[in-house]
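Participant: Before anything else, here's the structure in question.
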Amino acid sequence: MDSISKELLENLHKAQKAKAKKQARMRVQVGENSYPVLDYSGTGFALDIEDAPHLRGLVDLYAGPNHLYECLIVASEADGPLMRYDFKRATAATDKAPLDYARDPDAPVALLPR
């Protein structure tokens, strides 16, 4: 069996990585920078080790344009071409401010003019 040249193998890995980044549906936003999420689980996510810095702290997690979570993360481990990050906290993002009181379920929705 013929062996594959090192150059061809490197180009194949680069093409696979580019395809994975292009197909990534989730991304992590850190300030002005955005990184595609290549692997996601309920306890954390993984980014390309070459592109992602050693992130730590507060980040935002998006699925397309939808803001899913505000996360507090810590770098976990390097896993081959991926850098894994674990959630310390992942709070679901909402488009409404939290209420300071318990809302009465029978409260009127709107007032009608007389």
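Participant: Which ³J(HN,Hα) values in Hz, rounded to whole numbers, follow from the phi angles of region 87-102 under the Karplus curve 6.51 cos²θ - 1.76 cosθ + 1.60, where θ = phi - 60° and Gly and Pro get x?
Facilitator: 7, 8, 8, 9, 9, 4, 7, 10, 9, 10, 6, x, 7, 8, 8, 7
Participant: For helix 6-23, what angle does its Cα long axis make with the longest principal axis of the chain, in degrees from 0 to 90 and rounded to 10?
Facilitator: 10
Participant: Taking a cut-off of 15 Å between Cα atoms, list the aspartates and glutamates near K14, but don't count ones fewer than 8 places away on the same chain.
Facilitator: D48, E50, D51
Participant: Got a sec? Charge dipole of the chain, +1 on Cβ for Lys and Arg, -1 for Asp and Glu; which of V28, V109, V74 is way out at the positive end?
Facilitator: Positive-end residue among those listed: V109.
Participant: Farthest toward the dipole's positive end in the chain, which of P98, L61, G44, given Cβ charges of +1 (Lys, Arg) and -1 (Asp, Glu) about the Cα centre?
Facilitator: P98
Participant: Further question: Taking the inverse of the average 1/r across all pairs of different Cα atoms in region 56-111, what Kirkwood radius in Å do you get?
Facilitator: Taking every pair of different Cα atoms in region 56-111, averaging 1/r and inverting gives 14.4 Å.
Participant: 222 nm [θ] for the chain, helices only, -39500 (n - 2.57) per DSSP H run of 4+, per residue, to 500?
Facilitator: Taken over the chain, the calculation gives -5500 deg cm²/dmol.
Participant: On the first, second and third principal axes, largest extent first, how far apart are the outermost C-alpha atoms of region 21-92 in Å?
Facilitator: The Cα atoms of region 21-92 stretch 29, 27, 23 Å along the principal axes, largest first.
Values in this text are rule-based calculations from the coordinates and carry no lab data. Remember, predicted model here, so these are calculated numbers, not experimental data. Heads up, the Cβs are rebuilt from the backbone with ideal geometry, glycines too, and the neighbour counts pull from every protein chain shown.
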